[in-house]
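Working notes, beginning with the structure itself.
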Amino acid sequence: MQPGSQTRNLAPPVFQYVCLAVLLAGAMLFQIRYAQDIWRGEKIDFGFVVPATASASLEIVRPTAEKLGLHPGDVLLAVNGQKYAGTSLLSEAYAKVRPGDQIDLTVKSASGEHTVVLPVTIGTTPLGQVVFDMLFNIVAPIGCVLLGAWVVLVRPRDGLAWILLGLMFCFSQLFGSFKIESWGPGYRDVAMTYHSALGSAWPIFMFLFGFFFPEPFPFYTRMPARRAWIPLLVIAPILVNVFLAVAISITDMTDYARAQRMVRSFHPFQTPLAIYLFCVVGFGFFSSIFTKSAIAISPDAKRRLRLLYWGATVALVPLFLISLFSVFRGKSMYDLFPDWLIGLGLFVTILFPLTLAYVIVVQRAMDVRVVVRQGLQYGLATTGIRILQLIAIAIVIATAFALGSKSNQLGKMVLIAIAITVGFAIPRLGNRLRTWTDRRFFREAYNAEQVLSDLSDQVRSMVETRPLIETVAARISETLHIPQVAVLLGSGGPYRPAFALGYNTPPDVSFAPGTGTVKVLQSNREPARVYFDDPGSWLYRDPDVGEQDRANLNHLHAELLLPLSTRDKLLGFISLGPKLSDEPYSGTDLRLLKSVAAQTGLALENARLMSAIADEIGQRERLNREVEIAREVQERLFPQTLPPIAGIDYAGACRPALGVGGDYYDFLALPGGQLGIAIGDVSGKGIAAALMMASLQASLRGEATRAPENLAALVTNVNRLVYEASSSNRYATFFYGQYNPATRQLMYVNAGHNPPMLFHNTGSEWQISRLETGGTVVGLLESFPYEQGSLTIEPGDVFLAFTDGISESMNGADEEWGEKPLIETVKACSGLSPAETITRIMQAADKFVAGAKQHDDMTLVVLQATSL
């Protein structure tokens, strides 16, 4: 297969990178200017005061200013003789002073109106305070911006990365130091908009990050496309608050009286909105992270989420409680709490971005630790292609203009046509060159649905283990560019390599059933990442994982272990080495590999069962013993356990006429909590019918794994597979239904089978519906256009499917029992469980035949809907 036949190249994320560049440039310009002001402020010292938001009343008064006669609550009237109108006047006065200058503040206090002179001296701030100011106002904000930008740079198409970028930008602007107001008209308005918008929007990104990290809740992913409105509705009130905060902040710089009117008009909503913000952060972030840590399957995921939860709790809860208390008291936190306590609360907030950085980088929560070697080479190669394209286009345009100025009108038109043609050709050549570069660095995208469909077509007809695992290993290696793949199977003993791809010599390793690696794969049933450099990984944390396990995995060069399971048994696992691109396995890769593993596990089980049938039958010489062996194997093909499905109770039973029969029924637990229901009757009796029954079951399970909605196409494929696998005189009647307990809908296709019946008790009478929609029997014609039907099963309804061995049971006088007595028997079973109903029907049929020989297999399936 050609590499390009199953892959599609994604366009470079140019738009995302341009947006990131603009955001990062703007943020860094802001932070650099802000850092300069902070550093300059450390060099001078004066009595610092700050008025409250949208007010002339002083809120913050430093001890130096208080000694000179200023107090909290004093009303600021003028600054240096100029009437006070907004914060920009005071901030500009602070920005212009030098040691030896003074600031004149005219205030109105309880004792009357007076002017206070604030002398400006050389800064004498203690070293500890300087370090705190630099760390809190410069290092931490810039670190937040760079962390968010780096994650987006590595994962530009990941929406969660952009949410993290927004969260980090917001956190960098969560606190201010009265500097922006002095930046002059225009510039300060833009800067204040940036600062206020991000400072008030942090609850939005806290909620979104908690809701979507590392993945949304399962209930959200199962909802229809309109689910995107849920987070939008949650953040809508906060957006209103953001716009209001920006408007008040900008107005307050030049006209505090107008800003005060805006605050008063919004005052009735202030407390409810504050409570709503606390709830959004508390429930949207903390509760979400805590809940996800509790329901996470993987121990690594649990550890990451718990680290994030406790790190965020320690970092944010102290200041959260201080702010909450201030809101309920209706006062500023500076009036209620000492400066040292507020400073401590501010200082510990730095732990939040540090926790995020640790969880994302060290704990690999978002797979951004990409090895630099080929990642850098790939980036340089693709950038070089774009530069070459631009140079080529520039040369063509320059040449056209140079030659065009010396040509006549016709010559100019010819040159323009040539330039346009070349201009269209260069991007096309550039795309081809980028495609080649993607293949060179193993970065092609893949179509997961196509991979699964092709692999399903290949493996479902395989009944031998070796070709099966060779096909699966080769396809995984080809799709994800993994040079080393090893498939280890147990077969009742230690798990050893049954097939290995890409190793110089076959790996000589084995994992006993009781070793830690096997236990981890058995208990989690999820892909397990292998991190040899992480002491917190399950490789070192799980006490059952010993040094021999680590040595074996290192010998395999394993980066990911993929369990191959069926029901409650671990058949084996696949060891995947590093990708050729040096990229980590992404969430998309894991979803694809889990689906491949599910298909492979079913195929291995079917191959094992088919092999068991062939091996056991081949070892017996006497026909009666062969029949007995086949009967035992056939019984194992029938459902051994019934998967619990919410809202229904069901049961099935088959009583063959001979030791081995041709009747078939099955129940399949499908994705989304759905249940597959199958019943069939193979022509003939004995071993040949049983083998065809096994082929029918394998074909159905291979097709139904993904719970497709188009059951007509499913039965069409089953018909083709059975036709190809059986002789011309073999066929089977067949009914397959797919029940969704969420909607109570049963979709079905009836392929020539006795129509199942749905009994609905209206209270006064029974209503019976027959399920007839479908087509002819399977295996007789190579192709047939089947149709599918659907109906609703309400609580109390009874679904009955049967083979003709039930309705055509014959007594000694060759009289058939018929469907009418069968229907009456079902009506008389009202209130009984499906298993009890089956027993009553069998007893009624046996009573009618009165000991006569059973001529045909008797199979029943009963399903009863209950309340959820």
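Surface composition of region 67-113: carbon plus sulfur atoms contribute 49% of the solvent-accessible area (1.4 Å probe, protein chains only, all chains present). The heavy atoms of Lys685 offer some 80 square angstrom of accessible surface to a 1.4 angstrom probe.
If the label point is 7 Å along Cα→Cβ of Ser109, which residues in region 56-100 have backbone nitrogen under 13 Å from it? Of the residues in region 56-100, 58, 61-76 have backbone N under 13 Å from the label point off Ser109.
Shown is the FRET efficiency for His555 and Glu464, computed with R0 = 22 Å from the Cβ-Cβ distance and rounded to the nearest 0.05: 0.20. Farthest towards the positive end of the charge dipole of region 121-193, among the residues Phe171, Thr124, Trp150, is the Cα of Trp150, using unit charges on the Cβ of Lys, Arg, Asp and Glu.
Among the listed pairs Lys685/Lys827; Lys519/Lys594; Lys820/Lys853; Lys179/Lys292; Lys302/Lys594, those whose Cα-Cα separation exceeds 30 Å are Lys685/Lys827; Lys179/Lys292. In a DSSP loop and with at most 14 other Cβ atoms within 10 Å, the chymotrypsin sites (Phe, Trp or Tyr not before Pro) in region 521-555 are Phe532. About the centre of its Cα atoms, region 144-284 shows a dipole size close to 300 debye [charges on the beta carbon of Lys, Arg (+1) and Asp, Glu (-1) only; nearest 20 debye].
Working with all protein chains in place, sort Asp189, Asp133, Asp663 by solvent-accessible area computed with a 1.4 Å probe, largest first.
Most to least solvent-accessible, the answer reads Asp189, Asp133, Asp663.
Remark: spin-label model distance Ala474-Asp649 equals 5.2 nm, labels positioned 7 Å along the Cα→Cβ axis.
What's the extension gain from Phe175 to Val154 if we count 0.36 nm per residue and subtract their Cα-Cα distance?
4.7 nm
Counted residue by residue at 0.36 nm each, then reduced by the alpha carbon distance between them, the extension gain from Glu782 to Ala247 reaches 185.4 nm.
The solvent-accessible area of Ser491, taken with every protein chain present and a 1.4 Å probe, is close to 120 Å². Charge tally around Asn552: other residues with Cβ under 13 Å, Lys/Arg +1 each, Asp/Glu -1 each, net -1.
Of the residues Ile574, Ile60, the one with the largest accessible area comes first in the ranking Ile60, Ile574, computed with a 1.4 Å probe on protein heavy atoms. Report Thr837's accessible area, 1.4 Å probe, all protein chains in place, as a number in Å² to the nearest 10. Ignoring ligands and nucleic acids, Thr837 comes out at about 10 Å². When Lys and Arg each count +1 and Asp and Glu each count -1, what net charge do the other residues less than 15 Å away from Arg188, Cβ to Cβ, add up to? Taking every Cβ under 15 Å from that of Arg188, the sum is -3. When all protein chains stay in place and ligands, DNA and RNA are ignored, the 1.4 Å accessible-area order of Glu836, Glu42, largest first, is Glu836, Glu42. Distance in nm between label sites at Arg227 and Phe269, each 7 Å beyond Cα in the beta-carbon direction? So the two model labels end up 3.0 nm from each other.
Taking the Cα centre of region 638-706 as reference, the dipole from Cβ charges on Lys and Arg (+1) and Asp and Glu (-1) amounts to some 120 debye.
Positive-end ranking of Leu316, Leu277, Ala259 along the dipole of region 258-316, with charges on Cβ about the Cα centre, is headed by Ala259. Distance between the 7 Å Cα→Cβ label points at Asn761 and Arg33: 7.9 nm.
Hey, with R₀ at 51 Å, roughly what FRET efficiency would Ser728 and Lys519 work out to, going by the Cβ-Cβ distance, to 0.05? E(calc), rounded to 0.05, equals 0.50.
Applying 0.36 nm per residue to the separation of Phe283 and Leu354 and subtracting their alpha-carbon distance, the gain on full extension is 23.4 nm.
The values are calculated or read from the model by the stated rules, or taken from the named source; none is laboratory data. Nothing here was measured: the structure is a model prediction, and the numbers come from that model. Because the Cβ atoms are built from the backbone with ideal geometry, glycine has one as well, and the counts that use them run over all protein chains shown. Heavy atoms of the whole protein, side chains included, go into the accessibility calculation; ligands, DNA and RNA do not. Shrake-Rupley method; radii C 1.70, N 1.55, O 1.52, S 1.80 Å.
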